[in-house]
Each structure stands twice: as structure tokens, then as C-alpha cells.
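Notes follow the structure.
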Amino acid sequence: MSDTGTGTETGARPAGGAAAPPLLPAPGPEPEGLLPPGVAPGTSSGEAPRLGSFLARAAAATAVLTVLGAVLGLVRDQAIARYFGASDASDAFLIAWTVPEMAATLLIEDGMALLLVPAFSLALTRRAAAEEAPGSDPVRDLVATTLPRLFLLLAGGAALLIAGAPWVVRVLAPGLADPRLAVDCTRLTSVTVLTFGITGYFSAALRAHRSFLPPAGVYVAYNLGIIGMTLALHAVWGVRAAAVGVAVGSVLMILTQLPVFLRLVPLARPRLPRFGRPGRRAARTAPPLGFAVLAPVVLFVVSRQSQVLVERFLASTLPAGAISHLNYAQKVAQLPMVLSLMICTVTFPVVAQAMAAGDREKARLRVERDLGLAGTVVLLGTAVVLGYAPQIIEVLFQRGAFDTADTASTAQVMRVYALGLLGHCLVGALSRPFFSSGRPTWFPAFAMGTGLLVTMGAGYALTYRFGVDGIATANAIGISTTALLLLMGLGTRVVPIRTRAVALSLGRLTGASLVAGVAGWACAPLVPDPVLSLAAGCLLVPSAFFLTGLALRSPEVVSLLALTRRRFLDGR
């Protein structure tokens, strides 16, 4: 499939015209495009690795580190569940955990990336095009004008949060009988406002330079810090040990990326002629990052993460352990969503540079492929969660202070959360193209704000009657509303994607997911041992998913199986 719109993108449809064109790439090599690191512009195709191969390797390596970080995240949650169960202590830590959760979304995963990947991509494009005066480097100018100010701003924010921790806890969880432990943990985790900000800055810069391994490894370092501190100090400091681990792990995140950042990003100013004025030159060559660009991103990310705040606020009025049940269910249920978005993380710099170069067709093709890949992964994971939620929770958490009642409650909530996984995935995948041009755009913030209002309204209506299940249902309804708005708005505002074809393809994948999930739900109790039952489900659910996808003529499933068959035959 060509990035210029040839091949299956413009080819004739099968008779009847019902089948949507595949959003996955057709079997065969990926076309040339933006070059990997170390490949000079103008290098012949015979001398440089193709972009598709580079992105595939980057995505595979990112997937390995993402899975490792997710596994360590489960070990972290297992340690907290083992020592503190679903209790007042774990609730206090999870209220404090709201700070790094919000900081991670705003400063690492979404906000900083949506702002800085396009900015660094534009700076790299300017550098490659040699548009600036000799002796000037747009990348260095961008760092010089943003990093020092960001450090001071984040340090001040962390200090204010430490001082205002009692007020923060009262706002987040007004139903707590004794907030003192939550206040202590909040003060310990507040350092992440600074450390996560620097981590996110480094990650954005490295991804724009096509260096994906250090950013993908930050959560490995982070979770190792939390696990280490929890195991070493829980007997002395209780749940405060986990909060100390959050602070230590966040520092390890910076150290994981620092050597590569110093190697790739120029910090020292080159020698300029005596008449040069570095301050004015920096202002001209660095891509603009003013309030008009910053405000829509911040509002979008804060609105997105505020769904968690709404959940914790409502759950604080329920019996002790409700916040913990929600947390464990959400962490496990969102693993498929995290894995599905790794391809969007790798290709975001490609979309940003295509938009910077004015190549909207390349951006459209890349976004459509990403939506197909991400939808396939997240809906397959959704089917596994729907079918085997009790077995997953029992295998992962049922030990120590986490008993069978906690397993049943958490599994039920996780199944409800799974209904919103496609919405979460689409919001993450669709928001990136909106911000890829580096220009102000308020539509994502409007869509996310609308979804947040829906979450709040549904939450207040359902929590009193259905408890934590009502909170999870409200989350699924709200995030799905946001995803639908973003999908409808992307094609008319930023990238002219084929909205109808995308929606039809995702609808077929959803049908396959529901059939596979029901099959797993029916068969899971037939095997009493949870480990063996889950192992059988890992074979049953994917088989049912892909067979149903073939029956529904899902373009993604057909393309993926055809690609697998071709690779198998080539291997022989």
C-alpha cells in the first residue's frame, strides 16, 4: 500500500460495494517516508532502511518494554494488595496516587507529548531544510527557550501542592473519616509534578528524534522504585513506603533517559559571529509554544484525567475498599488499551512531521492504519477481560489481605470498565492528529469536556443505586461520547479520514469482540483451576475473535491473517 493513495486505497471494491477498504496495511513492504535516525535526507532507498521496517522494529521494542512495565505495574499493585488489601490504608495511598496519575497524563503520556513532539518535529524539519542562518540550531533554540522555564514552573507547582496537601485531600475525598494518612502520602507523591515534567520533556524530544527505547523504559524504572521501597519499608512506614517509592521511581525515570537526551539534543550553543544576538535568534528559530497552543492541550488533558477525580470523589462516599476495587479493576482492564496505543506513540512523530511538511495524504493513511491496528488490539483484549475477569483477578491479586470478596467485586467492576476500553483507545489515538500540526485547536477539549459532563451526570445518577458498578458504567458512557465526537470531528477539521469506513471497520471488530467475550464467559467456569482456565481462554478467545472477524469480513482481520500467512510462507 502506498503512502500516496495508490493500491488498495483507490482500487475497486468487491462486488456489492459493502466491504470497507482495509485500515491495516496490505501485505508487502512499507513505502519510503521520513527517515530513521542517522539516515541523511536524500539517501537512496538501497542504502537506508525503509520507514516501515524501522517503525515495525520500534513498535516491537516499545511493545516489549511496555509489557515489561505493565507486568511490573501489576507486581506493584500485587505488593500493595498483599500488604494493605482493600482497606483504609490502601484507599489513602490511592487518593495520593491521584497526583502522579494526573501528572503522568498531563506531563508524560499526553500533554507534554502533544505539545512538544510537534514542536521538536518542526524544529527538526527546519534544521533538515537548512532554512535558518549558519550557526543556528532550531532544536537547541527550542530547548533553551522552554526547558529552564518549565523546570521553574514545575518546581513551584510541586511546592504549592506539598503545602496544600490537606486541602487537596479534602477536595478529592471529602468522605474520608481520617485524612491524615492520605495527606502524608500526597505530600510524598507531589514531587512527581517536577520529575514527571522533566521525564515527559525528555520523552517528547527523544521520540521526535526517533529514539523510542528510553521513553518506553521509564515505567520499568518507575515501578521498580515503587516495588523496592514498598518491599523494603512497608513494615516500618506502612503504606507511606509506597508513596516514597513513587518519588524514588520518578527520579529513576529521569535518569533512564538523561544519557541519550544529552547525546541527541544539543545543549551547548555553537560559536557565533560577534555581531550575533543569540537571544533574538532563539526567539526566531524555535517553534512557537505560546498560551494559544498550550491552553487547549492542558484543558483537554485535565478534562480527560478528571474522570478519575470524579470516580474517586463518588467512591469516597461508599464503604471502605470501593476506591481500591475501582483502582485494581481499572489498572488491569486498561492494559489492552495501553498496548493498543503503542503503535500511535511510535507513529505520532511521523504524523507530526507529515503535517509540518503539508503532506495531509500521508497523515491520513497513517492515522487510518493506526486506528485499525489499535482497534484490533484493544477489542481482542476487551474480549479476554469480559470472559475471564474473575480468573484474572484471582490469579493476580487474591492473596494476603485481598480475599475472595475483593476478587468478586473487582472482577465485576472490571467487566463494566471493559465496555469503555474502545472509547479510551480511540480518545488516545484520535487526539494525537488534532495536535500534530502544532496549531491551536479547541475541539478535543470541547469533546473531552462534553464526555466529562456525561460521566458526572451518569455517575451521580447511577452510583447511589449500583455503587462501584455505576461509577464504572458512567466512565464507559462518558469516554465513549468523547470518542464519538473526536471521530466525527477529525475528518472535517484536521485529517480527512474516511469516517464511515473507519466506523464500519470498528463496528465489525466490536461484533467479533462481543462474540469472543461471550464464548469466554460461558467456558471459563468449566475449568475450576483459575490458572488453567485463563490459559485455555488465551487460546479460545483469540480463536473466536478472528473466526468471527473473518465471518463478518472485517478488513483488519482479513489483512492481518493474510499478512501472517505470507510471512509464514516466506519463512519456509
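Quick one: with all protein chains in place, what share of the accessible area of region 204-246 is carbon or sulfur, to the nearest percent (1.4 Å probe)?
Values: 950 of 1300 Å².
Here carbon and sulfur together make up 73 percent of the probe-accessible area.
Probe radius 1.4 Å, ligands and nucleic acids ignored: give me the carbon and sulfur share of the accessible area of region 339-478 as a rounded percent.
Carbon with sulfur: 64 percent of the solvent-accessible area.
Length gain on complete extension for the stretch Tyr464 to Arg82, per 0.36 nm per residue less the alpha carbon to alpha carbon distance?
134.6 nm
How far, in nm, would the chain grow between Asp529 and Ala63 when pulled straight, counting 0.36 nm per residue and subtracting the alpha carbon separation?
Values: separation 466, 0.36 × 466 = 167.76 nm, distance 2.95 nm.
Value of the extension gain: 164.8 nm.
Of the listed peptides 167-180, 483-496, 414-427, 328-341, what is their order by residue-averaged count of other C-beta atoms within 10 Å, with the highest listed first?
Averaged packing, sorted descending, gives the order 414-427, 328-341, 483-496, 167-180.
Could you give the length gained by full extension between Ala357 and Leu160, i.e. 0.36 nm per residue of separation minus their alpha carbon distance, to one decimal place? Walk me through the numbers before you get to the answer.
Working: separation 197, 0.36 × 197 = 70.92 nm, distance 4.11 nm.
66.8 nm is the gain from fully extending Ala357 to Leu160.
Whole angstrom only: what separates the Cα centroid of region 390-431 from the Cα centroid of region 140-176?
One Cα centre to the other: 30 Å.
From the Cα trace of region 333-480, what convex hull volume per residue do you get, rounded to a whole Å³?
In region 333-480, the Cα hull volume divided by residue count equals 113 Å³.
Around Val351, with a cut-off of 9 angstrom between Cβ atoms, what is the net charge of the other residues, counting Lys and Arg +1 and Asp and Glu -1?
Cβ neighbours under 9 Å give a net charge of +2.
The values are calculated or read from the model by the stated rules, or taken from the named source; none is laboratory data. Remember, predicted model here, so these are calculated numbers, not experimental data. Cβ sites come from the backbone with ideal geometry, for glycine too, and all protein chains shown count toward neighbours. Accessible surface areas use protein heavy atoms only, side chains included; no ligands, DNA or RNA. Shrake-Rupley method; radii C 1.70, N 1.55, O 1.52, S 1.80 Å.
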